[in-house]
Structures are given as C-alpha cells and as structure tokens.
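Report on the following structure.
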Amino acid sequence: MTAGTAPGSFARSLLRTKSVDRLVAEGGAGEGGELKRSLSLLQLTAISIGATLGTGIFVVLGEAVPLAGPAVMLSFVLAAVTALFSALSYAELAGTIPVAGSSYSYAYATLGELVAWVCGWCLLLEYAVSVSAVSVGWGSYLNAFFDAAFGFTIPDAVSSPPGEGGLVNIPAVVVVMLATFLLLRGASESATANTIMVFLKIAVLLFFCAVAFTAFRSQNLASFAPMGWAGLSAAGSRVFFSYIGFDAASTAGEEAKDPRRDLPLAIIISLVVVTAIYVLVALAAVAAMHWTEFDISGSEASLAEVLDTATGATWPSIVLSLGAVIAIASVVLTVMYGQTRILFAMSRDGLVPPVFQKVSPSRRVPVANTVIVALFISVLAAVIPLGRLVDATSIGTLFAFALVSVGVIVLRRTRPDLPRGFRVPFYPVTPLLGVGFCLYLMVGLGGVTWVVFGLWILVGLAAYFLYGHRRSRLAAGPSGRTSP
C-alpha cells in the first residue's frame with residue numbers, strides 16, 4: 001500500500017474488475033501489436049486435443065486398471081463427466097469473452113484483479129512445470145523407440161537430469177526448441193503442424209485398438225468391477241488428470257476467426273473426442289490382457305505390453321512408441337502456445353513486464369515472449385528433477401477450473417445482457433457442480449502438494465504487490481497509462 005492510500009481504497013483496488021467491453025476492445029488494440037485471427041474450428045479443436053491427448057493415455061492406464069479392473073473404461077467416463085462441468089463453463093465464457101488469457105481474463109472480468117493475478121500465476125505454474133515434465137517424458141519415449149527399432153539408446157548422461165543418473169536432458173531441450181521454432185513461424189503454421197500431429201496420434205491409438213481387438217477375450221471382462229464403486233471412483237480420480245488441457249483453445253481467443261461460435265464448439269468437441277478415444281483404448285486393452293497383469297506402478301510401456309501379448313511381435317510396439325513421441329511433441333507445442341498467450345494478456349494489463357506483449361509486425365506472434373518461455377522451460381526440463389513438484393500442476397489447474405465456474409455465475413448476474421455464443425445448460429446447477437467437484441479433488445491431494453502450492457502463491461502475491469499492483473493499466477484509467 002502506497003503512502004496516502006486509504007485502507008478502503010487499497011482493498012477496493014484489489015477487487016477492481018475489467019469490463020468485458022474493455023477486454024474485448026483491447027483484444028484488437030494492444031500497444032505491443034495485434035495478434036492475427038487465422039485459426040479455424042478444426043485448428044482450435046486440434047489445439048485442445050493436442051494439449052490433452054498425450055502422456056496420459058500412454059501412462060495412466062497402467063496405474064488405473066489395477067484399481068478398477070475392466071471397469072476402468074467407466075472410470076474414464078466418470079472423469080469425463082467431472083471435466084464436463086468445467087468444460088461447459090469454459091465454453092460459455094470463451095464465447096462471451098473471446099480474448100487471449102483463458103481463465104485469467106475471465107477472472108479479471110468477474111472476480112477482480114487480485115483473483116485474476118492468482119489465477120494467472122497458477123496457470124504459469126501449471127503450464128511451465130507440466131510442459132517441462134512432458135518434455136522429460138518425450139526423451140524416455142524417444143529412447144524406447146530407438147531401442148525397439150534400432151537397438152540403441154541415448155546415454156543417461158545426456159538424456160537424464162542430475163539426480164536421476166545424468167548431467168543434462170538434451171532430448172527434452174530438443175523438443176522444446178522444435179516447438180519454439182514452430183510457434184515463431186506463426187499461429188496458423190504451428191496450428192497446422194499440431195493438427196497433423198493430432199491426426200497422426202489418433203491414428204496410432206486407433207491402430208492400437210485394431211491390433212488389440214484381434215486378441216479380444218470375453219472372459220477378461222467377466223469380473224467387470226472387482227473393486228466395486230470404490231475402485232472405480234479411485235481410478236476415476238487418477239485418470240481425471242488425463243483430461244487437463246481441454247481448455248487450451250480458450251487461450252486462442254484473439255486468434256480464432258469466429259471466436260464466439262468456434263471456441264465453445266472446440267472445447268466441447270475436443271472433450272467428446274478425447275473421451276471416446278480413452279474409453280475405446282481402455283476397452284481394447286483390458287479385453288486383450290487380463291486386468292491382473294497390469295502393473296500398478298504405472299509402467300510407461302503398458303500399452304506396448306498389450307500389443308506384445310496380442311501379437312507376439314515387436315513391430316506394433318515400435319509403431320506405438322513412435323505415436324507416443326508424436327503425441328508428446330504435440331502436447332509441448334500446444335501447452336507452450338497457451339502459456340505465451342496467458343503471459344501476453346497479463347502483460348497487456350500491465351501486471352507483468354511489457355516485453356511479453358510485443359508482437360512481431362510480420363509474423364504477428366509474441367517473439368520475445370515465446371523465446372523467454374522456451375528458455376525457462378528448457379532449463380527446468382534439462383537440469384531439474386521435477387519429482388513431486390509435478391503434482392502441483394494439478395492443484396493449480398483445479399483452482400483455475402473452479403474460478404471459471406464461479407465466473408459464469410458472477411457474469412450471469414452482473415451482465416445478463418451480454419451476447420453469449422453458448423450458455424451452460426441447467427444453470428446454476430452445472431457451474432456449482434463444477435466448483436464442488438474441483439474442490440473435492442483438491443482436498444484429496446497430498447500435503448506436499450498443498451505446501452508447494454502455498455509457497456507458489458506467496459511468491460506470486462509478493463510479485464503482484466511489488467510490481468503488478470502499481471503498474472496495473474486498469475488502475476491508470478481508460479488511457480491505460482501508468483506513471484513511471
């Protein structure tokens with residue numbers, strides 16, 4: 001609080017909201033430059049599928065099947081229903097406030113600047129740590145592919161971080177740099193590359209299903225739910241995090257050709273497609289290999305083991321490993337895209353340094369922003385064993401999901417007149433259920449996760465009060481000019 005500022009005035013400054021009209025107007029008139037509206041419905045849908053359909057299905061099945069047995073396919077449905085409550089809220093706000101920034105921008109319009117900052121800060125944790133972890137996983141799958149196809153692997157010294165038997169994780173840096181190259185080419189170009197990768201990884205998963213179904217054994221499904229509802233529910237909680245990423249299209253609010261129509265459709269379509277693939281893969285896997293043969297440790301090769309059991313040959317596993325490499329590269333690309341757009345929105349509001357909103361006049365992308373994000377993620381992925389820190393991404397995501405559901409309720413009450421490309425059905429029950437499910441899953445997370453989350457929030461609050469609060473363009477009035 002600055003000298004001469006009344007306590008009441010200071011408190012009100014933390015709760016100031018940015019009007020939807022101003023958010024949308026600034027979306028096409030930023031000081032650093034304007035993003036280019038070039039993304040179609042197909043590309044937006046592929047962004048969300050690309051950010052969601054990645055390591056989860058390749059890894060999580062091995063962890064979830066021992067908990068639920070063949071009923072694991074219903075666990076995916078249960079998790080999808082949970083995600084659907086948040087997805088519907090995202091769809092309404094994305095169609096109502098079609099700007100960059102996703103849930104950060106929605107919170108700014110509904111819950112105030114401080115809550116928006118905390119939301120954006122949580123998203124930075126989610127995106128940076130998750131994409132670093134995914135990049136590390138990419139190296140593991142690349143090694144699995146090299147080993148199966150050519151009989152060699154990259155030495156641990158240059159493929160693992162310190163503390164995990166290596167010195168630096170070069171493959172993790174490589175995939176981040178490849179994603180950076182595509183992002184700097186332009187939004188449309190990177191979205192096209194992602195769309196191709198999405199179709200390829202869907203094709204690989206359908207290939208898995210086709211091969212696994214040749215070994216279909218109805219007796220493997222006889223004891224359908226051996227652990228009962230408790231097991232099905234436990235597996236549902238585990239696989240829920242395979243759905244994180246469906247909101248990625250909402251970060252492209254200023255690059256969609258028809259955001260009010262396409263953003264809600266992209267979010268809902270991506271969730272439906274991902275759920276259908278998850279259930280189909282789960283059914284094919286448990287029908288081909290008895291559920292008791294799955295390793296609860298969550299073997300990364302669980303799907304490959306199913307193919308080995310089904311065919312007795314190695315070439316299907318090679319195809320699957322290649323698919324995993326493509327799938328994870330797509331996740332890195334789309335999650336990095338989302339993080340740069342959230343920072344772009346926060347910078348335009350004055351809450352982070354202006355370098356993050358500078359847009360290249362020729363390619364219409366935030367170049368410096370993208371390079372800074374890439375360097376930061378590369379360092380995390382190359383030299384830091386992430387370990388349990390990755391769990392903090394889950395709590396940050398759930399927090400953002402809950403805020404979006406609350407935002408729907410607030411905006412319906414404060415601005416019922418706004419044109420909405422999509423409306424949440426069964427309002428207000430649906431957004432309230434979204435909040436409840438998110439809080440339920442947050443409470444179930446471990447104590448270490450809460451400690452990491454709390455420390456991250458404290459660091460974020462310090463950054464806000466030392467920098468963002470004083471430089472907020474909203475505090476400066478309509479002109480947006482703050483005093484030096």
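The values are calculated or read from the model by the stated rules, or taken from the named source; none is laboratory data. Keep in mind it's a predicted model, so treat the numbers as computed, not measured. Cβ sites come from the backbone with ideal geometry, for glycine too, and all protein chains shown count toward neighbours.
One residue is enough: does segment 298-312 have a residue meeting the conditions modelled with pLDDT of 85 or more, part of a helix (DSSP H, G or I), of a type in the set (A, V, I, L, M, F, W, C) and on the phi < 0 side of the Ramachandran plot? Lay out the reasoning, then the answer.
Filtering segment 298-312 down to residues modelled with pLDDT of 85 or more leaves none.
Taking every residue of segment 298-312 in turn, none turns out to be modelled with pLDDT of 85 or more, part of a helix (DSSP H, G or I), of a type in the set (A, V, I, L, M, F, W, C) and on the phi < 0 side of the Ramachandran plot.
Checking each residue of segment 429-445 against the condition of being modelled with pLDDT of 90 or more and hydroxyl-bearing (Ser, Thr, Tyr) gives at least one match.
Considering Ala172, Ala191, Ala157, the condition of being touching a residue at least 60 places away in the same chain (Cβ under 8 Å) and either acidic (Asp, Glu) or more than 20 Å from Thr251 (Cβ to Cβ) (or both) is satisfied by Ala172 alone. Taking segment 154-167 as the range and being in a loop (DSSP other than H, G, I, E, B), at pLDDT below 85, over 25 Å from the mean Cα position of the chain (by Cα) and not aliphatic (A, V, I, L, M) as the test, the residues that pass are Pro162, Gly163, Glu164, Gly165, Gly166. Cβ-Cβ contacts under 6 Å between residues 6 or more apart (or on different chains), taken from a first residue in segment 428-444 that is in contact (Cβ under 8 Å) with a residue 40 or more places away in the chain and surrounded by 14 or more Cβ atoms within 10 Å (Cβ to Cβ) to a second residue that is part of a helix (DSSP H, G or I) and among the small types (Gly, Ala, Ser), are listed as Pro431/Ser89; Pro431/Ser405; Gly434/Ser86; Gly434/Ser89; Gly434/Ser405; Cys438/Ala402. Just one residue in the set Leu67, Leu42, Leu61, Leu53 is surrounded by fewer than 22 Cβ atoms within 10 Å (Cβ to Cβ), out of contact with any strand residue (DSSP E or B) (no Cβ under 6 Å at 6 or more places or on another chain), of a type outside the set (Asp, Glu) and at pLDDT 75 or above; that residue is Leu42. For segment 341-377, filtering for residues that are out of contact with any Ser or Thr (no Cβ under 8 Å at 6 or more places or on another chain) and either of a type in the set (Phe, Trp, Tyr) or assigned to a helix (DSSP H, G or I) (or both) leaves 9.
Within segment 89-105, is there a residue that is of a type in the set (Ser, Thr, Tyr) and touching a Lys or Arg at 6+ places or on another chain (Cβ under 6 Å)? Scanning segment 89-105, I find at least one residue that is of a type in the set (Ser, Thr, Tyr) and touching a Lys or Arg at 6+ places or on another chain (Cβ under 6 Å), so the answer is yes.
Enumerate the pairs (first residue in segment 221-238 and in contact (Cβ under 8 Å) with a residue 60 or more places away in the chain; second residue anywhere and charged (D, E, K, R) and outside any loop (DSSP other than H, G, I, E, B)) with beta-carbon separation below 8 Å, excluding pairs fewer than 6 apart on the same chain, so at least 6 apart or on different chains. Sorted first by the residue in segment 221-238, then by its partner, the pairs are Arg238/Glu63. Exactly one condition in (1) buried (at least 24 other Cβ atoms within 10 Å of the Cβ); (2) modelled with pLDDT of 85 or more; (3) among the polar types (S, T, N, Q) is not met by Thr251; state its number. Answer for Thr251: the failing condition is (2).
Please find, within segment 98-129, the residue that is nearest to Ala324 (Cα to Cα) out of those that are part of a helix (DSSP H, G or I) and β-branched (Val, Ile, Thr). Steps first, please.
Narrowing segment 98-129 to residues part of a helix (DSSP H, G or I): 103-110, 113-129.
Within this subset, residues satisfying the condition of being β-branched (Val, Ile, Thr) are 110, 115, 118, 129.
On the way: Thr110: 39, Val115: 37, Val118: 33, Val129: 20 Å.
Checking each candidate, the answer is Val129.
Would you tally the residues in segment 318-356 being more than 21 Å from the chain's Cα centre (by Cα) and crowded, with 24+ Cβ neighbours inside 10 Å? Walk me through it before giving the result.
Narrowing segment 318-356 to residues more than 21 Å from the chain's Cα centre (by Cα): 318-322, 348-355.
With the extra rule that they be crowded, with 24+ Cβ neighbours inside 10 Å, the set shrinks to 320-321, 348-349, 351-352.
The number of residues fulfilling the criteria is 6.
Restricting Ser89, Ser132 to those that are modelled with pLDDT of 90 or more, buried (at least 24 other Cβ atoms within 10 Å of the Cβ) and in a helix (DSSP H, G or I) reduces the list to Ser89. Scanning segment 369-419 for residues that are surrounded by fewer than 24 Cβ atoms within 10 Å (Cβ to Cβ) and of a type in the set (Phe, Trp, Tyr), we see that the one that is modelled with the highest pLDDT is Phe376. Determine, yes or no, whether Ile267 is in contact with a helix residue (DSSP H, G or I) (Cβ under 9 Å, 6 or more places away or on another chain) and assigned to a loop (DSSP other than H, G, I, E, B). Answer is no for this residue. Might you check whether a residue that is crowded, with 21+ Cβ neighbours inside 10 Å and of a type in the set (Ser, Thr, Tyr) occurs anywhere in segment 283-292? Checked against the condition, which is being crowded, with 21+ Cβ neighbours inside 10 Å and of a type in the set (Ser, Thr, Tyr), segment 283-292 yields no hits at all. Pairs are defined by a Cβ separation below 8 Å, a sequence spacing of at least 6 or placement on different chains, a first member in segment 288-306 that is of a type in the set (S, T, N, Q), and a second member that is at pLDDT below 80 and assigned to a loop (DSSP other than H, G, I, E, B); the pairs so defined are Ser302/Phe294; Ser302/Asp295. Listed by position, the helices (runs of 4 or more DSSP H) contained in segment 168-250 that have at least 3 residues being farther than 23 Å from Gly139 by Cβ and polar (S, T, N, Q) are 187-213.
Residues in segment 392-417 that are more than 21 Å from the chain's Cα centre (by Cα) and closer than 20 Å to Val115 by Cβ: Ile409, Val410, Leu411, Arg412, Arg413, Thr414, Arg415.
Scanning segment 424-448 for residues that are touching a Ser or Thr at 6+ places or on another chain (Cβ under 7 Å) and β-branched (Val, Ile, Thr) yields Val424, Val435.
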